[in-house]
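S.K.: Sharing a structure below in structure tokens format, with a few things to ask.
The values are calculated or read from the model by the stated rules, or taken from the named source; none is laboratory data. As the structure is a computational prediction, the values presented were derived from the model and not from experiment. Neighbour counts run over all protein chains shown; Cβ positions are idealised from the backbone, glycine included.
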Amino acid sequence: MLPARASAALLALAFAAGTARAQDTASAAPPAQHSIAADGSKLSEVLNAAAHVEGPRPFARFTGSTTEIRDSIVALARAQIGKRYVFGGSSPERGFDCSGLVKYVLSLLDISAPRTARLQARLGEAVPRDTDDLQPGDILTFGRSRQGASHVAIYVGDGRYIHASVTAGRVIETSLDRRGSSLVRAWRGVRRLFTPDTPGAPADSVAPPDSSTKKSDG
């Protein structure tokens, strides 16, 4: 069973998506929306933003399935596009670095993640680095040294991913097809948080508590 906060987030996203579709087809003024999240709360602001981002609408129906949880991760990540890059940042107000973005998005669904890219690269379970097999919500890991991952991103489908980019200075969505990109060349792995045989629950293998003294990375 999903944690209460995660269930509320998923239901709110489902409601927002359904309301948006109704507005597209109805000429009359739409009824007022009533969010499950408290008015004015940070979660309410994120869910409202997620309901208006470009891309496929999440939740054609609400069943609490793995697919829908992945869709919610994508929607919440897209809601952060344009937020500034700040080393050590982990909130929309202050800004994000790469691991701060991943930790923040997952925390909105009550999914615990460590703070650094190196440890986030041990979340869930490893899957092949094959673009044909990637699933929305997968965590992409990047790095060139033997010390482990130094950058992480959230895969959103169609060969694209969202990350807090040092170069761009903000959270962006970009393509894995950019073969000339130094970051794409440093792509080293994929971590899957949800598997088909464990719907609505994180994969069994999770990272240990973050004992690193390094505050952040990305």
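S.K.: Conditions first: (1) of a type outside the set (Ser, Thr, Tyr); (2) in contact (Cβ under 8 Å) with a residue 60 or more places away in the chain; (3) crowded, with 19+ Cβ neighbours inside 10 Å; (4) in contact with a strand residue (DSSP E or B) (Cβ under 6 Å, 6 or more places away or on another chain). Residue 170 passes all but one, so which condition is the exception?
M.R.: Among (1) of a type outside the set (Ser, Thr, Tyr); (2) in contact (Cβ under 8 Å) with a residue 60 or more places away in the chain; (3) crowded, with 19+ Cβ neighbours inside 10 Å; (4) in contact with a strand residue (DSSP E or B) (Cβ under 6 Å, 6 or more places away or on another chain), the lone unmet condition for residue 170 is (3).
S.K.: I'd like the residue in the stretch 131-159 that is over 14 Å from the mean Cα position of the chain (by Cα) and not in a loop (DSSP other than H, G, I, E, B) and, out of all such residues, is surrounded by the most Cβ atoms within 10 Å (Cβ to Cβ).
M.R.: 151
S.K.: Could you please find all residues in the stretch 161-189 being in a loop (DSSP other than H, G, I, E, B) and either in contact with a His (Cβ under 7 Å, 6 or more places away or on another chain) or among the hydroxyl-bearing types (Ser, Thr, Tyr) (or both)? I'd like the intermediate steps shown before the answer.
M.R.: To start, the set of residues in the stretch 161-189 that are in a loop (DSSP other than H, G, I, E, B) comprises 166-169, 176-181, 186.
If the condition is that a residue be in a loop (DSSP other than H, G, I, E, B) and either in contact with a His (Cβ under 7 Å, 6 or more places away or on another chain) or among the hydroxyl-bearing types (Ser, Thr, Tyr) (or both), then 167, 181 are the ones that fit.
S.K.: Right, another one. From the residues in the stretch 55-85 that are surrounded by fewer than 19 Cβ atoms within 10 Å (Cβ to Cβ) and modelled with pLDDT of 95 or more, which one is nearest to residue 137 (Cα to Cα)? Break it down stepwise before answering.
M.R.: So the first thing to find is which residues in the stretch 55-85 are surrounded by fewer than 19 Cβ atoms within 10 Å (Cβ to Cβ), and the list is 55-57, 60-65, 67, 81-82, 84.
Right, trim to modelled with pLDDT of 95 or more and you get 81-82, 84.
On the way: 81: 15, 82: 19, 84: 21 Å.
Among those that are surrounded by fewer than 19 Cβ atoms within 10 Å (Cβ to Cβ) and modelled with pLDDT of 95 or more, it is 81.
S.K.: Among the residues of the stretch 193-213, are any in contact with an Asp or Glu (Cβ under 9 Å, 6 or more places away or on another chain), small (Gly, Ala, Ser) and either modelled with pLDDT of 85 or more or within 18 Å of residue 78 (Cα to Cα) (or both)?
M.R.: no
S.K.: Another question about this same structure. For the stretch 112-130, give me the residue count where each residue is of a type outside the set (Asp, Glu) and assigned to a loop (DSSP other than H, G, I, E, B). Reasoning before the result, please.
M.R.: Within the stretch 112-130, the first condition is being of a type outside the set (Asp, Glu), and the residues that meet it are 112-124, 126-129.
Narrowing further to those that are assigned to a loop (DSSP other than H, G, I, E, B): 112-116, 121-124, 128-129.
Residues meeting the conditions: 11.
S.K.: Among the residues that make up the stretch 89-98, is at least one of them under 21 Å from residue 195 (Cα atoms) and either of a type in the set (A, V, I, L, M, F, W, C) or under 11 Å from the mean Cα position of the chain (by Cα) (or both)? Lay out the reasoning, then the answer.
M.R.: Taking the stretch 89-98 as the starting set, the residues that turn out to be under 21 Å from residue 195 (Cα atoms) are none.
Checking the stretch 89-98: not a single residue is under 21 Å from residue 195 (Cα atoms) and either of a type in the set (A, V, I, L, M, F, W, C) or under 11 Å from the mean Cα position of the chain (by Cα) (or both).
S.K.: Out of the residues in the stretch 86-102 that are hydroxyl-bearing (Ser, Thr, Tyr) and in contact (Cβ under 8 Å) with a residue 40 or more places away in the chain, state the one that is surrounded by the most Cβ atoms within 10 Å (Cβ to Cβ). Lay out the reasoning, then the answer.
M.R.: First, pick out the residues of the stretch 86-102 that are hydroxyl-bearing (Ser, Thr, Tyr): 90-91, 99.
Going one step further and asking which of them are in contact (Cβ under 8 Å) with a residue 40 or more places away in the chain, we end up with 90, 99.
Numbers: 90: 20, 99: 32.
So, considering only residues that are hydroxyl-bearing (Ser, Thr, Tyr) and in contact (Cβ under 8 Å) with a residue 40 or more places away in the chain, the one surrounded by the most Cβ atoms within 10 Å (Cβ to Cβ) is 99.
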